[in-house]
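To keep things clear, I will list the structure first and then write my remarks on it.
Only the coordinates and a few stated rules stand behind these numbers; no lab work does. This one's a predicted model, so the numbers in the text were calculated from it and none came from an experiment. Here the Cβ positions follow ideal geometry from the backbone for every residue, glycine too, while neighbour counts run over all protein chains shown.
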Amino acid sequence: MRIDVVSLFPEFIAQCAGFGVVGRAQERALLSLHGWNPRDHADGGYRRVDDRPFGGGPGMVMMIDPRQACLAAARAADPAPVPVVYLTPQGVPLNQRKVRELASRPRLLLLCGRYEGVDERLLAAEVDEEISIGDYVLSGGELAAAVLIDAVARLQEGVLNDAESAVQDSFEGDGLLDCPHYTHPASHPLGEVPGVLRSGDHAAIARWRRQQSLGRTWLRRPDLLDEAGLSRADRALLEAFCQQLLSGTHEPG
Ligand code: 9WO
């Protein structure tokens with residue numbers, strides 16, 4: 001996958017994407033990242049990329065022309081058609097389903113704003129999708145772009161190793177929250193590891209984990225359950241989870 005990023009701080013994105021799983025994706029040539037700086041497409045000695053807002057008020061607005069030139073250059077760098085994504089709190093909230101959809105494309109072109117935003121005419125003419133990573137304001141779109149890049153990079157075929165992929169298959173696919181995890185020692189002043197995980201009964205362990213995922217999702221993010229499409233077996237597991245909670249006989253964790 002090829003991802004182009006239009007940003008006043010392209011080095012920031014390169015830094016963020018240089019480590020861990022995303023860094024590995026680049027080393028394996030499963031992901032190529034390219035930064036484009038509007039400053040390089042700005043005219044005049046001052047290389048101006050922003051100006052005061054019409055109508056008055058504080059702050060600056062990013063001008064059309066340097067951004068448009070940047071987008072054109074990025075588009076022309078590869079023949080595959082590319083959707084332009086603007087990272088903004090006004091966008092559609094990002095979720096794992098959207099991440100999977102974006103990850104399946106050959107290219108993405110991410111547009112990062114700074115200051116008070118980008119001239120609305122550029123957004124109207126050039127942007128295909130506006131995406132938000134959450135209901136808060138950052139000082140620019142770069143961190144949001146880095147989040148999106150991380151999420152789509154790890155889904156590229158061959159990026160995760162087998163162990164990582166197995167975790168992904170069992171939890172990520174169905175929109176439920178993750179179950180609790182434990183490691184050695186089995187006994188610790190902070191508590192015991194649930195017995196089922198030490199039983200060696202793989203079917204019982206899978207059932208317990210599924211039940212914990214369902215129960216946590218129900219307790220913490222019931223909105224996700226509506227979309228999860230639970231099976232009859234899932235409903236029975238969740239029912240039992242609720243019963244255990246009410247009777248106070250559930251295991252710690
Ligand atoms: C700044 C500002 C200052 C005074 C009054 C209103 C204001 N709005 C903004 C603002 O939204 N600035 C944005 C900074 C302009 C576009 C890029 N910026 C940004 C993107 N901040 N946060 C995001 C973002 C992107 C995706 N998901 C969550 C947040």
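Protection proxy ranking for 205-214, 232-241, using the average of other Cβ atoms within 10 Å per residue and placing the highest first: 205-214, 232-241.
Place the peptides 51-58, 156-163 in order of packing, highest mean first, counting for every residue the other Cβ atoms within 10 Å and averaging per peptide.
Numbers: 51-58: 9.5, 156-163: 12.5.
Sorting 51-58, 156-163 by mean packing, highest first, produces 156-163, 51-58.
Between Asp119 and Met62, the built amide H atoms are under 5 Å apart, and every one of these is 5 or more places off in sequence or on another chain. Once C-alpha pairs closer than 8 Å and six or more residues apart are averaged by separation and normalised to the residue number of the chain, the relative contact order reads 19 percent.
For the chain, the longest principal axis of the Cα atoms and the long axis of helix 162-171 meet at an angle of about 80 degrees. Against the main long axis of the alpha-carbon atoms of the chain, helix 202-220 sits at an angle near 60°. Dipole magnitude for the stretch 170-247: about 200 debye, using +1 per Lys or Arg Cβ and -1 per Asp or Glu Cβ, origin at the Cα centre.
Residues considered: Tyr86, Tyr182, Tyr115. Largest GNM mean-square fluctuation over the chain, using C-alpha springs under 10 Å, is found at Tyr182. Could you state, as a whole-number percent, how many of the C-alpha pairs of the stretch 170-247 are farther apart than 16 Å? Percentage above 16 Å: 55. Rounded to the nearest 10 degrees, the angle from helix 64-76 to the longest Cα principal axis of the chain is 70 degrees. The modelled label-to-label distance between Arg39 and Arg235, using points 7 Å beyond Cα along the C-beta direction, is 5.9 nm.
Shown here is the pair-distance distribution of the stretch 26-175: with all Cα-Cα distances grouped in 5 Å bins from zero up to the longest one, the shares run 2, 8, 16, 20, 19, 15, 9, 6, 3, 2, 1, 0 percent.
Here the label points at Ala206 and Glu130, each 7 Å from Cα along the C-beta direction, are separated by 4.5 nm in the simple model.
Of the peptides 66-74, 40-48, how do they stack up when ordered by the mean number of other Cβ atoms within 10 Å, highest first? Can you show the working numbers first?
Values: 66-74: 19.8, 40-48: 11.6.
Descending packing order for the listed peptides: 66-74, 40-48.
How large, in Å, is the chain by the Kirkwood hydrodynamic radius built from its alpha-carbon pairs?
Numbers: mean 1/r = 0.0473 Å⁻¹.
About 21.1 Å for the chain.
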